[in-house]
Every structure is written in C-alpha cells, then in structure tokens.
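Student: This is the structure, below, for whatever I ask next.
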Amino acid sequence: MSKMIMTVDDSASVRQMVSFTLKDAGYEVVEAVDGRDALKKIPGLTVHMVITDLNMPQLDGIGLIKELRADAKFKFTPILMLTTESQAERKQEGKTAGATGWIVKPFKPEQLVATVKKVLGC
Amino acid sequence: MQSVENGLKQNSRLALAGELTISRASELAASIGQWLAEQETVAVLDLAAVTAADVSFLQILCAAHRSSLREGKSLSVVSPSRELLRAMKTAGFERRQPCTQCTGDTCLWQVKEGL
Amino acid sequence: MLDQHRETFIQEANDLLRELEESLLDLEEKSTDQELIGSIFRALHTIKGSGSMFGYDKLATFTHEIETAYDLVRSGGLSVTRILVDSTLSACDEIRGMLTDDEDRSGALSDAQTAIVEGFRNLLKNTHSDKPSAPTPDAVVVDAEVNSDELQHECTYRVRLTPSPDLFSNGTNLLPLFEEMQGLGTCRITAQVENIPRLQELDPEACYTFWDIAINTDRGQNAIRDVFIFVEDRCRLEISVIDSMEREADGKGYLKLGEILVQRGDLSKDNMQDILSQQHRFGELATEAGIIDHGKIESALQEQQLVREARDKRATVEQASTIRVPAERLDSLINMVGELVTVQSRLTQVANSSHSQAILQVAEDVERLTAELRDNTMSIRMVPIGSAFSRLRRLVRDLSQELGKEIDLLTEGAETELDKTVIERLNDPLVHLIRNSVDHGIQNPQVRTAAGKPSRGTIRLSACHSGASVQVTVSDDGQGLDLETIRLKAIEKGLIAPDALLSEREVFALVLLPGFSTAQKVTNVSGRGVGMDVVKKNIDSLQGTIEISSKQNIGTTITLKLPLTLAIIDGLLVRVANEFFVVPLTSIEECVELKLSDVKRASGQHITVIRGELVPYVRLRELFGIDEALQAAEQIVITRVEGNRVGIMVDEVVGQHQTVIKPLGRYYKHINEVTGCSILGDGTIALILDLAKVVKSAARAEAANYENVQAGSV
C-alpha cells in the first residue's frame, strides 16, 4: 500500500513539482492551497506525511503545524516544512511548533525524495 | 482498522495486529496493561499480524515484560512478524545476553544462537 | 518535465503580479492595512521562492531585495511612502520582463534593475531598524556529499545518541535514521533499555531508550551528524573516533572491555579495578556485581567486535592484493632488465646484419618481450603519491593550530603513481612548500576576514600525469608574493642589478636563489630563510622543474614537474666526433642546423641567432675537450634550462632514445655535468647530460676565457 502525502503550498508551480516528484517516487499525493484548505481536507484521509510551505494566506505553515499537533489523530504525523535560506527564524518557529524536518528551497526532486525517505523510511 | 478490542483473547493469549506505532502507543499501553493484569500466571502475546512497529512499541513490550516479572507472571511473545523482527534488529533491541532486569528469566530481546 | 513546471510558474507569477499591482494601488489609500501588506509580502515571497525552484535565479535575487523591504513594512520598521509604491510598481515591470526572458535566467542584473535594487536599499538604510536583513545561511539538508573534495579515511566511530523524552512528539521515527546509518557503513546499534520502567509507570509517548552505535565508515563525522540533523534539538549526540588505519598502524591494540566502559563513563575506574582483581571474565563479573547494565556490556562487546572485523577486513584486503618485497631486490631487478634491454638491442643489430630470417624472427620476439618486461618492471616501482600526501595532512593540522590559523588541506590525484624513489625524495620539498604556505602564505583569520576572504584558508595539493612526467602543485589562497619586495630584496642581496628589467616569471624565479628569504620575521615554522633554494636543489636532483606563479592577495601556486621514474630516461641521442651523449627530452625545444659560416659571423662569442632571437650555446666539443676537426655543419639542440633558452651544439642528432639509466662508478663522482650513462646496442657508452650543470660550467669557462682575453689585450 503506497503512503499518502499531503502537499500544502499556495504556489501552484511548487505544488505541482512536489506532487509530480512524489507520485513518480510511488507515493499518493493530495494537494492543498493553504493551511485552511489542508485542515478542511485532511480529516477524511489517512495521510502519512504533510509537506507544507510556511508563508501562505488563510493559515500559514506554522499555524497549520500547531493545529495538526493539537489534533490527536495527527499528533505524530510527520510534517516537513519548506523554508528558504533567509527564514532561519521561521524555521526555528516551525521546529518549536512540532515540525519533523525541513527542506530548503530551492531543492531538486532527488533531494525532496531523499528527505521524505529519511523521515518515512522506504 | 484493527485494534486490541477486536484482537483475539483466548487462553490468556492476546493477538495484536496492524501498525503498532507512536500514534497508537497510549491506547496499546493501556490495553496491554489491562490484559496483563487479568492474567494469572501465563500471558502470551501473539504478534504475527503486526505490519509495522517503532521504538515506542518496543518500549511498551519491554515495560510490559518488566511488569510481568515484578508480578511473578510469565509474559512471552509468539510468532513475531517479519516487520516486528526487522524493527527490533534495526533499532538495536536484539541481545545476545538477557538484560539485567531479566536475569534468570527469558529476556524478550535475547536472540538464541542458530535462530 | 522542468519545462512544464516552468510554464505553470510563469502563469502563476503573472497572476501574482496582477494581484500585486492591485494591492499596491489600494495600499496608496490604505497604507497601514496589515492584511494588504501581508498579501504583498506573500506574493513577493512566492515569486522569489518558486522562481528559485525553477532556475530563475536572477529573478529570485531581484525579488528578494523587494521582499526584504516589505518584511520590514510588515513589522512596522518601514512606512509606506509614495516612493516605495512607485519603486515596487516598476519592480513588477522588471519581474514581468524577466519572466519572458527565457534565455537569461541566471545572468547579471541589468542597469535599470540594479538601480531599482539600489533604491530599495537606500529606503532600508534610512530606517532605524536594528534587525539585520542579511540572509542567514542555512544548511541544505539532504546533501550527503559533505566536503566531497576531502579525502575521508575509513574510521571506526563511537556514537551515543541520547534523545530527550519528548523526541517522538514532533513525529520523529528513529528507524529510518538507523537504516540511514546502516547505509553509511558497517554499523552495530545497541539500544540501552535500562531506563524503561514498568508498564504502570510508562509514559508510552516518551522516549526512554538511548543508543550506543559503533560504525565503521569512510564518510566522516559530518555524514553521521547529517543523519540526525532533524533531531539535533531533541537529542544529545556524542561522536568520537575510536579506531582508524593510523591508530592501527601505530601498533595500538584495541581497548579492553573494561576500558571501553570507563572511557564512555559507564563504569568508574575504581569499580573496574575491583572487578579486575578477581580472576574471572570481566563481563560476567561486572553484571553479577550489579555494577552495570548488560546492555552497556553488550554494546561494548559489539564495539570491540566491529573494530576487530574492520581491522581484519583491512588486513585481508592488504594480504590479498600485495606482497612486500625489499626495495633492493626491486632495484637489482631493474638493473638486470636494463642489461637485458642492452643485450636485446645488440641482438637486434646482429640479427639485422646476419640476413637470417630465422634469427630476425627471434630477435623481433625478444624485442617485444623485453619491452613488455621493462614496462612491467617499471610499473612495480610505481606507488600512489597519496602516501606522501597523508603525512602532510597532519602537518597542516598541527602547524595551523600552533600558529592560530584555520587551514583546510585539500588533496587531488592522490592515486597518481610515481616511482617510489621519486616519492621518497619528494617528501622533504613538499613539507617545505606546505610549511611556507602555512607560515607565510595564509594569513591570520582576522587579516583574511578584513581582506574580504573566508577566515579559513585553503591549501590545495594536487598531482596529475602530464605526458611522461607528473605535475605536482601546491597552491594556497593566501597573501601571494609581492613582486616589488622580491625585487628590492634581490637588489639588496646583490642578486640583480638595480636597473634590471625582469619579467614577472623571472622575478619569482629569484626566490629560488640560494640565501633568499622575504619573510618579515623568522618563525620556527619555516625556519631561518633556508628556503626555496633547498627545495630547488631537491627538485633538480630529481630531474624535475619548479615554477612559481602568484597574485597578490589571491594566492601562490608552485608547480613541480617530475619524471615518472628515475630509472629510465627519455632522451635525445647526440654525437660529437665519436662520443655519444643523451640530452633529457623534457627540456628540449627544437633542433636547428647551424653552418660553420653562421658560427664565424658570431665572431667567436658563443651566441647565435635563431629566428631573430639571440641564443647562447654550449659547445660540447669544447666542454668535454674533444679534439677533432670541426665539421662543415653542426646541429644545435635548443633546450630550456632554468627558464632560459640555451643551445647545445653537437655534430649530429642521432635520434630519440629511451634508456635505462646506469650510474657511473664512484671514480666519476666528481663529474658534475653527467648524471649517469646508458649503454647503446653495440656496447658503446653514452653519457647522460645534466643540462643545468653543463650550462653552469660552460658559463664559468667562458667567463674565465673572457678575462684571459681581456688580460691579454691590455
């Protein structure tokens, strides 16, 4: 059974790239455009991992991480955040909120897959 | 979804199934604890249908075993699944000698030569 | 596939730009609307972030500057002004332009774009923000190749991972990380379960376990740290090297069980002594005594076993692929092969004159076999230069620590093979060059930072084959050589005339002269100015050449060119009367015919004109006192000796000649101009010339001659 990953990003192009790459690596992918959209979609799904951008309208990444950690069902779900190099503080905020790990933009498809495997196992 | 409730309970035997990971840790610890309390001398965990396990479950097993020793019961694991054995091996829980608490008894983590 | 994402990005960015412009126009009226400011910031951030993902580097750099301003607006550090809005609007136009310019996604900013960036920077300068806006570099996560340049040695590490109880609360699963560790090398993981309580007291979501890991890997410590990068805030990670090839080579046996436990702090020294005083197996005793948990002993045993296995593996690899032979035996083998080559060419000559088809056939076979045998024998002497490199690594580390400098030594081409003797004799010069770089080349971290360089200096040591020779370079990114200082020093020392006109290359070559040293102060690292001339002497004796190039404040590069081997020489065979000589091929530039009349025109001075350039020459006939009539035409072999063109005048150039060098006997030790000899096919001896010495003694002879003439004419 392939594992399901939710990608949350307001940038359509990044979402598309993440989605393509992960599907190619054999994962199932669901997309959400921001934190609120993610929270709306996630309850009905068995999501094994969430990959979220940090800056988004309608509930940003940090808010989403906090909401998920507060929900018993997603208390331990691995969450990766997409950060940029200039966002050291935001990354720290995300770690404190309960993110499992991070990927720094820009990243290559191989790096994304390697990081996902690092957290989920093969 | 499998859970302890629909796991098989007969002849002091408890079968656990599915993904035994951190998200179910509290629930598993509670039900194993309750089940163990109900057993008189012999308790057998059947782990043949475990499809995934992580460190949190290995800790629960170890803790359960320690409780059973204290209470003078014998807790053993039968037919562990490949996935469970792999988790044990990967996380370094295998032992060639029993751990200190288990002296004189069969340690859960002891690997017999030739197995 | 990337193209498809790009298309999506362009569309997305254009949408964002349209929204951005509307928001900007609204902002003019509602200049404190936080929601509006937030959405502007986010749009810029998305354009930047996504742009960088799909290779729009220029666009990302540009947008970053504008985003920085709005980050400040958002936090109240900068207020919205007419100028800000106007500049942002023109920035939007530029971004739109960059989106359509598919050719130049990562080039430099145009003038107009730079002007906009400057404008934004000025806006920021006028704020009293104390928040530095410089991007903080962040480690890229999944780059397994840490310092791929660096040659990592295989080492055995001891790792103790002690998670804090809340480790699992951020969704961390340790199993994939342990699997990743297994991927780095042979790895023994032992979970320490002694802190796990009984079920009643267990918090099922907390981590009670800690781990001892012994791993044997050539990927280095950083690779191990990278495995645990996501959990570093929630774990204590201790890594130490417990065994390596060097340690084994030092003859150290591995630690005893008790010693491992004491080293890890799991057992006190006193307890160990108590246990040892009883004559039983340590592990059993320790646990029976209840002093230590079995898990700790288990992991110590695992560690011992891993080290033993790693050592065994290294030993078998070595045993399987190498045998040790005393160097003298190799030397005598080479010598005999040399003789064989000589005999073989005599055989070929005899066979050629015998007109017997059968003998010719045999001679050809022998020739082919001999050539193969010679090449094979030579290759036995070849060893990788890496052995010389690894000693320098330690040198750099120790010296830089002593001098308070931060220096990385990068090595390349450690696998390049060279004759063992060459490598042995190369060691001293290399040590000297590295010492120089560490001491005089690389400045202190403060000085470097002030000069805008990274505080860590780099010395690059590389080796590669180039034709029949090996090129070894030592380069540093230090302060470089100061041409003027060298020139003044040379004048002061009387090495050159004050008005001498020298090329850059010639000035640098002055450093190689005896007694030259430019260091401002004498340090105990590079010693007392017995500097480069010694290096030069060493390299000369190896038939090699040395060249210096340097740029001030950029660094210095020293290039050594060395023959692959000292046992064989590629030379040009020349004849003067009935004597044969071999000129080393590496220093030959061309051969030119010279008529007796040309020489006469040069009026007795040993200078001739080759294509309009004056070239001094040496007449071997005179140098070696060969008294025989001059021929009508002579040939000049033009060579480059120590950077100058010098002609060697001979009767005839016979041809190219690869030969085994035979040393001259002790009787001839005082003859400097000849490095050895070679035996020709017919048994005749050819002397191998040491060109530098030949030129030197010719110059001396000429000077003496000149003085005599002057004295006579008075």
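Student: Which order do peptides C:154-160, A:42-48 fall in by mean Cβ count within 10 Å, highest first?
Tutor: Going from most to least packed, we get C:154-160, A:42-48.
Student: Which cross-chain or sequence-distant (5 or more) residues have an amide H under 5 Å from the amide H of residue C:571, H modelled 1.01 Å from N in plane?
Tutor: C:585, C:657, C:658, C:659
Student: Let me ask another. List the residues, sorted by chain then number, that are 5 or more residues from residue C:677 or on another chain and whose placed amide H is less than 5 Å from its amide H.
Tutor: The list, which skips near neighbours in sequence, is C:662, C:664, C:688.
Student: Below 19 Å, Cα to Cα, which lysines can residue C:693 reach? Residues fewer than 8 away in the same chain don't count.
Tutor: Answer for residue C:693, where 19 Å is the Cα cut-off: C:536, C:537, C:561, C:662, C:669, listed by chain and number.
Student: Hey, which aspartates and glutamates would be in cross-link range of residue C:269, C-alpha to C-alpha under 18 Å, not counting anything within fewer than 8 residues on its own chain?
Tutor: Residue C:269 reaches C:259, C:284, C:288, C:293.
Student: Okay, moving on. Could you give the nm distance between label points at residue C:369 and residue C:499, where each point is 7 Å from its Cα heading toward the beta carbon?
Tutor: Placing both labels 7 Å beyond Cα along the Cβ direction yields 7.0 nm.
Student: Moving on to the next point. With every protein chain left in place, what is the accessible area of residue C:456 in Å² (1.4 Å probe, nearest 10)?
Tutor: Surface accessible to solvent at residue C:456 totals approximately 110 Å².
Student: Let me ask something additional. Give me a comma-separated list of calculated 3J(HN,Hα) values for segment C:478-486, in order, Karplus coefficients 6.51, -1.76, 1.60 applied at θ = phi - 60°, integers in Hz, x for any Gly or Pro.
Tutor: Coupling constants for segment C:478-486: x, 7, x, 8, 9, 3, 5, 4, 4 Hz.
Student: Using Cα centres only, tell me the gap between segment C:360-406 and segment C:71-94 in whole Å.
Tutor: Taking the Cα centre of segment C:71-94 as reference, the centre of segment C:360-406 is 64 Å away.
Student: Please state the relative contact order of segment C:384-563 as a whole percent: Cα pairs under 8 Å, 6+ residues apart?
Tutor: It comes to 24 percent, rounded to a whole number.
Student: Could you compute how much accessible surface residue C:398 exposes when probed at 1.4 Å, giving the result in Å² to the nearest 10?
Tutor: Counting only protein heavy atoms, residue C:398 exposes about 60 Å² to solvent.
Student: Which three extents, in angstrom, do the Cα atoms of chain A have along their principal axes, listed largest first?
Tutor: Cα spread of chain A along its principal axes, largest to smallest: 33, 30, 25 Å.
Student: Across the residues of A:82-88, average count of Cβ atoms on other protein chains within 10 Å?
Tutor: Mean shielding count: 6.
Student: Ok, one more. Per-residue Cβ counts within 10 Å, from other chains only, averaged over B:61-70: what number is that?
Tutor: 5
Student: Moving to a separate point now. Which number do you get for Rg(Cα) / (2.2 N^0.38 Å) in the protein assembly as shown?
Tutor: So the Cα radius of gyration is 1.30 times the expected 2.2 N^0.38 Å.
Student: Let me ask something else. Can you list residues from other chains, or at least 5 along the same chain, whose modelled amide H is less than 5 Å from the amide H of residue C:641?
Tutor: C:646
Student: Shifting gears a bit: Using only the alpha-carbon atoms of segment C:2-125, report the extent along each of the three principal axes, biggest first, to the nearest angstrom.
Tutor: 40, 27, 20
Student: Okay, next question. Starting from the eigenvalues of the Cα gyration tensor, five times each then square-rooted, give me the equivalent ellipsoid semi-axes of segment B:9-102, largest first, whole Å.
Tutor: They are 19, 16, 12 Å, listed largest first.
Student: Additional query: Of the listed pairs A:108/C:58; A:73/A:105; C:256/C:420; A:118/C:256, which have alpha-carbon separations greater than 27 Å here?
Tutor: A:73/A:105; C:256/C:420; A:118/C:256
Student: For the ranges C:14-20, C:430-436, what's the packing order if you count other beta-carbon atoms within 10 Å of each residue, average per peptide, and put the highest first?
Tutor: Ranked from most to least packed, the peptides come out as C:430-436, C:14-20.
Student: For segment C:327-381, count the residues as N, evaluate 2.2 N^0.38 Å, and divide the Cα radius of gyration by that value, please.
Tutor: Dividing the Cα radius of gyration by 2.2 N^0.38 Å gives 1.29.
Student: Right, here's the next one. Once you have a ≥ b ≥ c as the square roots of the Cα gyration tensor eigenvalues for segment C:434-520, tell me rounded if a/c is under 1.5, and otherwise prolate or oblate according to whether a/b is larger than b/c.
Tutor: Oblate, since a/c reaches 1.5 and b/c is not below a/b.
Student: So what J values fall out for segment C:114-124 if you push phi through Karplus, 6.51 cos²θ - 1.76 cosθ + 1.60 with θ = phi - 60°, rounded to Hz, Gly and Pro as x?
Tutor: Rounded to whole hertz, the list is 4, 4, 4, 4, 4, x, 5, 5, 5, 4, 5.
Student: With only alpha-carbon pairs counted, each pair once and no self-pairs, how large is the Kirkwood hydrodynamic radius of segment C:384-563 in angstroms?
Tutor: Taking every pair of different Cα atoms in segment C:384-563, averaging 1/r and inverting gives 16.7 Å.
Student: How many Cβ atoms of partner chains, on average, are near each residue of A:94-100 if near means within 10 Å of its Cβ?
Tutor: Average neighbour count from other chains, rounded to a whole number: 3.
Student: Where the only charges are on Cβ atoms (+1 Lys, Arg; -1 Asp, Glu), what is the dipole of the protein assembly as shown about its Cα centre, to the nearest 20 debye?
Tutor: 2380
Student: Keeping all protein chains in place and using 1.4 angstrom, which order do C:465, C:5 fall into by accessible surface area, from largest down?
Tutor: The ranking, largest first, comes out as C:465, C:5.
Student: Of C:391, B:24, which has the most accessible area with a 1.4 Å probe, and how do the rest follow in descending order?
Tutor: Reading off the accessible areas and sorting them downward yields C:391, B:24.
Student: Still on this structure, I have one more. Give me the accessible area buried between chains C and B, both sides summed, with a 1.4 Å probe, in Å² rounded to the nearest 100.
Tutor: Summed over both sides, the interface buries about 2800 Å².
Student: Further question on the same structure: Of the peptides C:371-384, C:42-55, how do they stack up when ordered by the mean number of other Cβ atoms within 10 Å, highest first?
Tutor: C:42-55, C:371-384
Student: Using a 1.4 Å probe and ignoring any ligands, DNA or RNA, find the accessible area of residue C:111 and quote it in Å² to the nearest 10.
Tutor: That residue has around 130 Å² of solvent-accessible surface.
Student: Over chain A, calculate the relative contact order: mean separation of alpha carbon pairs under 8 Å at least 6 apart, over the residue count, as a percent.
Tutor: 23
Student: Can you pull the percent of the protein assembly as shown's accessible area that's carbon plus sulfur, 1.4 Å probe, other chains left in place?
Tutor: Answer for the protein assembly as shown is 51 percent, counting heavy atoms of protein chains only.
Student: Now, a different point. Name the residues of segment C:219-238 whose accessible area falls by at least 40 Å² when all protein chains are present instead of the chain alone, probe 1.4 Å?
Tutor: C:230, C:233
Student: Relative to 2.2 N^0.38 Å, what does the C-alpha radius of gyration of segment C:421-466 come to as a ratio? Two decimals please.
Tutor: Compactness ratio reported: 1.49.
Student: Rank these residues by their accessible area, most exposed first, probe 1.4 Å: B:88, A:6.
Tutor: Order by accessible area, largest first: B:88, A:6.
Student: Restricting attention to the alpha-carbon atoms of segment C:385-429, what are Rg (one decimal) and Dmax (integer), both in Å?
Tutor: 12.1, 36
The values are calculated or read from the model by the stated rules, or taken from the named source; none is laboratory data. Predicted model, so just to flag it, every value in this text is computed and none were measured. All Cβ positions, even for glycine, are placed from backbone atoms using ideal geometry, and neighbour counts span all protein chains on display. Each accessible area value is taken on the protein alone, full model and side chains, heavy atoms only, with ligands, DNA and RNA left out. Shrake-Rupley method; radii C 1.70, N 1.55, O 1.52, S 1.80 Å.
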